[in-house]
Amino acid sequence: MTTYHQRVARQKRALIVQAATQLFLELGYDRASLARIAEEAGVSKATLFKQFPTKAALFDAIVVDSWAGGDEAEVPSTGDLTAGLTALGRHYAALLGRPGMADLFRIVIAELPRFPELAKAHFAEGKLPYFETVRAYLVAEHDAGTADVADPQMAATQFLGMISNYLFWPSLLVPGWTVTPERVIAVVDDAVRTMVARYGATSAQGAA
């Protein structure tokens, strides 16, 4: 494909994903047909089926786009637990604050009784890869001697939970819930300090 055609394909893909997200919210996953999604996106059914042959594939794309956002998290270098967790925590906060993230969770929650596979896809293709990034980082710090993390899976869960429990989950339940950028930074920084106090190696804390 030429650069022009690649750009057009990306634009059409974005329109399809946006239309699908809105229709899944308005009509439900089951009632939102691919034909209706193509109509709302302003593309032909052939174009939609070429990129997304099934509704499940389209939902997977929504998940991937919501969690990636064009800026995938990288495992930070070891040696500074505070700096590494801060980078991961702020990236996670930015992902949770993306406009489409709350909509994605609402779709999954609403359709869970009839389509549990959506929740599985959401976890496997969205949350799990980011969780694994944090877990791998904690393992690396443990191996480097800058952290003492006997259970990295539990530690990663604790860290991400401290951030999401304040910044994200209330937005699904409390109308008008907003968090200022300054508060976002404060929440992440407090979570980092808690993690360093709990898991930072004695030698690393003494050198700080």
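Can you confirm whether the range 19-29 contains a residue that is of a type in the set (S, T, N, Q) and assigned to a helix (DSSP H, G or I)? Yes: one or more hits.
Being among the acidic types (Asp, Glu) and in a helix (DSSP H, G or I) is the filter here, so list the residues in the range 102-155 that pass it.
Asp103, Glu111, Glu117, Glu125, Glu132, Glu141, Asp143
Which of the residues belonging to the range 92-113 are open to solvent by 40 Å² or more (accessible area, probe 1.4 Å) and either modelled with pLDDT of 85 or more or touching a helix residue (DSSP H, G or I) at 6+ places or on another chain (Cβ under 9 Å) (or both)? It would help to see each step written out before you state the result.
Our first condition is that a residue be open to solvent by 40 Å² or more (accessible area, probe 1.4 Å); within the range 92-113, this holds for 94, 97-99, 106, 109-110, 112-113.
Those that are open to solvent by 40 Å² or more (accessible area, probe 1.4 Å) and either modelled with pLDDT of 85 or more or touching a helix residue (DSSP H, G or I) at 6+ places or on another chain (Cβ under 9 Å) (or both): Ala94, Gly97, Arg98, Arg106, Ile109, Ala110, Leu112, Pro113.
Please work out if Thr78 is modelled with pLDDT of 90 or more and not in a helix (DSSP H, G or I). Yes; evaluated as a whole, the condition is true for this residue.
Note on the range 188-205: among residues that are open to solvent by 20 Å² or more (accessible area, probe 1.4 Å) and modelled with pLDDT of 95 or more, the one that is farthest from Ala83 (Cα to Cα) is Arg198. With respect to (1) open to solvent by 30 Å² or more (accessible area, probe 1.4 Å); (2) in contact with a helix residue (DSSP H, G or I) (Cβ under 7 Å, 6 or more places away or on another chain); (3) under 22 Å from Glu132 (Cα atoms), the lone exception for Leu88 is condition (1). Residues that are within 24 Å of the chain's Cα centre (by Cα) and acidic (Asp, Glu) are absent from the range 32-54.
Candidates are the residues of the range 162-178 that are among the hydrophobic types (A, V, I, L, M, F, W, C) and more than 18 Å from the chain's Cα centre (by Cα); the one that is least open to solvent (accessible area, probe 1.4 Å) is Val174. What do you reckon, is Gly89 among the small types (Gly, Ala, Ser) and outside any helix (DSSP H, G or I)? Here the answer is no, as Gly89 does not meet what is asked.
No other residue among Leu58, Leu88 is modelled with pLDDT of 85 or more, within 19 Å of the chain's Cα centre (by Cα) and over 28 Å from Thr194 (Cβ atoms) apart from Leu58. Looking across the range 1-59, just one residue is open to solvent by 70 Å² or more (accessible area, probe 1.4 Å), within 17 Å of Leu104 (Cα to Cα) and of a type in the set (A, V, I, L, M, F, W, C), and that is Leu15. Scanning the range 122-141 for residues that are closer than 14 Å to Ser77 by Cα and open to solvent by less than 10 Å² (accessible area, probe 1.4 Å) returns Val134, Tyr137, Leu138, Glu141.
The values are calculated or read from the model by the stated rules, or taken from the named source; none is laboratory data. Because the structure is predicted, anything quoted here is derived from the model rather than measured. Heads up, the Cβs are rebuilt from the backbone with ideal geometry, glycines too, and the neighbour counts pull from every protein chain shown. In case anyone asks, the SASA skips ligands and DNA or RNA and just uses the protein heavy atoms, side chains included. Shrake-Rupley method; radii C 1.70, N 1.55, O 1.52, S 1.80 Å.
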